[in-house]
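A short write-up of the structure that comes next.
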Amino acid sequence: MNIEKNYRYDLLYRVIDETIEMRVIEGKYKPSFERLKKINSLGLVPKVIEMAKYSKYEHAIGTIHQINCLIEINETDPLKNIEKKYYRPLKISAEYLHLGHFPFTYSTERALLLAFNISENSKIKIEKEKFKEKIQKILKFHDIDETKKKEVLDRIISMKDFKLLYKFLSADVLLKNWNGFYNKFDGEKLTDNDKKIIINNLTNRDSPGYQYLALADKADYVQRDALYFGTIKIDISPKHLYRKALVDIFIITDEEAFLDHNLEYLIDVFYENQKIVVFSGLYEKIVAALIQSDDFDINWLFKYDDESFQWLIRKNIGINKKMNLPNEWTERADKLFEDQYLFNEIFCVKGVQFPKENTLVDIEHHLIGSDKPKFDLLSYPFDTGILVSLDYPMIEFDEDEYIPLLEKLTPPSKQEIQYITIRVFQKEKQQDLTELLKIIDKLSTYLAPDDNKIVRKGIEDLLSWTGKSDIKNLAVLRSIAEAIEKIDKDEVYNDLFLIKYVSILSNDPDFKIIWNKSDMQIWKRIILKDLKEGLSNPQSDKIDVFIGIIEDILSLPIKLLQSDASKEFLDKLYDYLIELIKKSTKNDKKGEYFEALCSIEKIRRPEGIFQFFINGFTIKDPTQKEKQDKNEYDLIELRLNSHKKAELWIYMSSIVKNIELKDQKQLTDLFDKIKDTYPNLIIRTRYLIPKNKRGKDWTPTMQDTGRNLN
């Protein structure tokens, strides 16, 4: 007997079977599904990058198709891992999965949660409790203890699991409409147990149904994204993907790993594109501010689609009526969509460790200044020209692979840290570097040496008039290494100089927050292990072993290097560098030792509130590679002075006479370029010369070059 089937055209799969679940549920709640047709599955991305786009409805139908494929493959599997009674609940779960999305999906969900986390507004506090009640109502269907339920709730509200919010809202839609469709399937009534299964499929990560639905959802959107982004076509046969997944859905198969690999590529190239991150970050702050206004109705988030919501937040008009939203913020929204906010990324540091109890809002509030009201988290990018973007990494860091190296991490590192990706952007045509330096000051105490190098590289490229830079500080590092080698020969330490120095630094009580971090414990163990192994090997070059470690030490937070615990060691290095200068017979070596001496001298003499040093800063000119060395600067210092204003100090060190004849053009070039770019920045340029070379007094002394600003 032939059974007539209805089909739907789909750009990715060509045709899709129309199921009874699709006809019943979509027919019963047509307005909700019509709204999905006007919500872009790619969120804000097409507003930033001109490209093809597809609706959340199209993706929803694709997910349903994937679930149907999963069930068909299960039917042909001799093991039949999914019992037949779970088929319809899975299909219904797929139908309801995307109904909880807000306009400009994910970004608007984040904006709402941001508003919940910063607002002291009584209206928003009431709305927050309503959302918590919705989530708690769904969590009653989960077979987990109250502690776990609270953790799930906290992770959603704190934005750690913000992508779960729409799924709980979808489940809430199902609960509200249950009585309208549970008995509409050819006389077969759904039971309360079916309802529990569907809700767990939608919201409970520990449920196999959730994992099946999540895999089907990912199989569709990764392939569909690739199609619309115009990247390499991804085509994974369901029979391969699901047959292996059915063996154990909690184990990642090769096919799923392939999906994840392509997802990482799409995220890296598109979703984490600099312009999209800035646009999304500013959008979320604008919408969070509007949500807190007296006349904003939370129900609009459930009713509006992308275009109508954009009209609302830009033009202050909804359903042909003035909505009385604050003009300050609607004007900002209008400028945003008109592409009038231009920011450039200065640096991106991944895996920065913070205490686990700190939310993203807590961390951002600390970085911009916790003395300010939390509401300033919304306005500071527009007021200061700096945007800090915080997010959790797509793949969480697994410390277990490091345990053989570490043997045992010191508590509380293993249990109580979280990993955050931090991206800092600065507005084009920023007048000075004060706000950027304030962020770096706050952030610096959380950064491991490799993180600090990333930040330093961002600053180097920012100061380069070509946008490209390099570091040529090997001579300085080698000079310091030679001083350490001499210390180890001349003086009796309980341990080698560097081993003792690292040990002293890591036990400074004022910097426990740094050394309790697992990445710093890993770094310390590696440093000491490499150092001892390198020096015990007779074929090892001590200087080469020292250089890498010194480079890392100089990349530690400057306030740690300027601490009382560090002073003895910096003083010792200073004294021995002077000894090397005095004993050297070659002017080139004397000059290298003196440059190192100047660097140590600057570090050990704190100035202002915060300092940031760059040794051997070199402007890279891709068109004139042979002339690159002529644009080298011995020492760059960025400083927050006592008035919390940024200062830039450019130093050129030399032991030769008439230094101005040698370095004048270099200083003038850099000074002029930075002056033009940052007209309000305080700039100082100085020569560093010996106090009395003839009298063998090598104390570095500053000589004004005559090129200063503000």
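A short reminder: the numbers here are calculations on the coordinates, not readings from a lab. Here the structure is a predicted model, which is why all the values come from computation and not from measurement. Ideal geometry is used to build each Cβ from the backbone, glycine not excepted, and the neighbour counts take in all protein chains shown.
Taking 45 Å as R0, compute the FRET efficiency from the Cβ-Cβ separation of I504 and N680 and round it to 0.05. It comes to 0.65.
Straightening the chain between T668 and I236 buys 149.6 nm, computed as 0.36 nm per residue apart minus the Cα-Cα spacing. For the chain, a simple Cβ point-charge model (Lys and Arg +1, Asp and Glu -1, everything else neutral) yields a dipole of about 1120 debye relative to the Cα centre.
Ordering C598, C69, C348 from the fewest to the most neighbouring beta carbons within 10 Å gives C348, C69, C598.
The distance linking region 309-349 with region 445-496 is 44 Å (Cα centroid to Cα centroid, whole angstrom).
By the count of other C-beta atoms within 10 Å, a proxy for reagent exposure, R605, R684, R110 are ordered fewest to most as R605, R684, R110. When the Cα positions of I25, I249, Q223 are compared along the charge dipole of region 21-274, I25 comes out farthest toward the positive end, with charges on each C-beta of Lys, Arg, Asp and Glu. Near N40, the amide H atoms lying under 5 Å from its own belong to K56, F104, T105, D306; only residues 5 or more places off or on other chains count, and H is placed 1.01 Å from N. Listed by Cβ neighbour count within 10 Å, with the fewest neighbours leading, D519, D461 appear as D461, D519. The residue list L139, V152, W178 was ranked by how far each Cα lies along the charge dipole of region 127-182 toward its positive end, using unit charges on Cβ atoms, and W178 comes out on top. For region 579-610, the residues whose amide N sits under 19 Å from a probe point set 7 Å from the Cα of K472 along the beta carbon direction are 587-599. Across region 366-380, rounded Karplus estimates of 3J(HN,Hα) from the backbone phi angles (6.51 cos²θ - 1.76 cosθ + 1.60, θ = phi - 60°) give 5, 5, 8, x, 5, 6, 8, x, 4, 4, 5, 4, 7, 9, 4 Hz, Gly and Pro being marked x. Between E151 and M51, the FRET efficiency estimated from the beta carbon spacing at R0 = 30 angstrom works out to 0.20.
For region 21-274, a Kirkwood radius taken over Cα pairs fed into Stokes-Einstein (25 °C, viscosity 0.890 mPa s) yields D = 128 µm²/s. Rounded to two decimals, the Cα radius of gyration of the chain over 2.2 N^0.38 Å is 1.14. When only the Cβ of Lys, Arg, Asp and Glu is charged (+1, +1, -1, -1), the dipole of region 111-251 relative to its Cα centre reaches about 180 debye. Exceeding 31 Å between C-alpha atoms, which entries from my cross-link table qualify? They are K148/K275; K350/K512; K30/K130; K372/K429. In this structure, K148/K275 lie more than 31 Å apart at Cα. The spacing between region 34-50 and region 367-389, judged by their C-alpha centroids, is 28 Å. Label sites at E120 and I513, each approximated as a point 7 angstrom past Cα along Cα to Cβ, lie 2.3 nm apart.
Between Q611, A565, Q664, the Cα set farthest toward the positive side of the dipole of region 549-690 (charges on each charged residue's Cβ, about the Cα centre) is that of Q664.
Per-residue ellipticity at 222 nm computed for the chain from its helices equals -16500 deg cm²/dmol, with DSSP H segments shorter than 4 residues left out and the rest contributing -39,500 (n - 2.57). The C-alpha radius of gyration of region 530-614, expressed as a fraction of 2.2 N^0.38 Å, stands at 1.23. Each Lys and Arg contributes +1 and each Asp and Glu -1, all at the Cβ; summed about the Cα centre of region 477-589, the dipole is approximately 60 debye.
On the basis of the beta-carbon distance and an R0 of 51 Å, K84 and I267 show a calculated FRET efficiency of 0.85.
Residue by residue, region 113-123 carries 3J(HN,Hα) couplings of 5, 4, 4, 4, 7, 10, 7, 9, 5, 5, 4 Hz when phi is fed to the Karplus relation 6.51 cos²θ - 1.76 cosθ + 1.60 (θ = phi - 60°); x denotes Gly or Pro. Of the trypsin sites (Lys or Arg not before Pro) found in region 318-381, those in coil by DSSP whose Cβ has at most 14 other Cβ atoms within 10 Å are K356.
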